[in-house]
Amino acid sequence: MAKKTEKKDFDFAKSYKELQKIAEEFESGGLSLDEGLKKFEEGLKIAKQCKEYIEKIENKIVQIKKKYK
C-alpha cells in the first residue's frame with residue numbers, strides 16, 4: 001500500500017501553506033481548546049507528510065548524483 005506522500009498528487013507547496021495557516025491560527029489565540037487540539041493533530045499529520053516527501057526528494061537527489069559521478 002502506497003503512502004500518501006508517494007502519490008503523484010501530493011502538493012508540497014499547498015501542504016506547507018496549510019501548515020503556515022495553522023500556525024497563524026495558533027498565534028492569533030482565537031482557538032478553543034478542542035479546536036486547538038484538532039489543529040495540532042492536523043498540523044503534525046501534514047508536517048509528517050512533508051518530511052516524508054522531502055526525504056524522498058533527498059534520496060532521489062543522492063541517486064541522481066551517484067548516477068553522474
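Of the residues in the stretch 30-52, how many are hydrophobic (A, V, I, L, M, F, W, C), in contact with an Asp or Glu (Cβ under 8 Å, 6 or more places away or on another chain) and assigned to a helix (DSSP H, G or I)?
Kept after step one, since they are hydrophobic (A, V, I, L, M, F, W, C), are these residues of the stretch 30-52: 31, 33, 37, 40, 44, 46-47, 50.
Among the residues that remain, those that are also in contact with an Asp or Glu (Cβ under 8 Å, 6 or more places away or on another chain) are: 31, 46.
Applying the additional criterion that residues be assigned to a helix (DSSP H, G or I) yields 46.
Within the stretch 30-52, residues that are hydrophobic (A, V, I, L, M, F, W, C), in contact with an Asp or Glu (Cβ under 8 Å, 6 or more places away or on another chain) and assigned to a helix (DSSP H, G or I) number 1.
Return yes when Asp34 is surrounded by fewer than 10 Cβ atoms within 10 Å (Cβ to Cβ) and modelled with pLDDT of 95 or more and no when it is not.
Numbers: surrounded by fewer than 10 Cβ atoms within 10 Å (Cβ to Cβ): yes; modelled with pLDDT of 95 or more: yes.
Here the answer is yes, as Asp34 does meet what is asked.
Taking the condition within 17 Å of the chain's Cα centre (by Cα) and modelled with pLDDT of 95 or more, does Glu41 pass?
For Glu41, the condition - within 17 Å of the chain's Cα centre (by Cα) and modelled with pLDDT of 95 or more - is met.
If you check every pair at least six apart or on different chains, which have Cβ atoms under 6 Å apart with a residue in the stretch 18-32 that is more than 16 Å from Lys45 (Cα to Cα) first and a residue that is of a type outside the set (D, E, K, R) second?
Glu25/Leu31
The values are calculated or read from the model by the stated rules, or taken from the named source; none is laboratory data. Being a predicted model, the structure only gives us computed values, none of them experimental. Cβ coordinates were reconstructed from backbone atoms using ideal geometry, including for glycine residues, and neighbour counts include every protein chain displayed.
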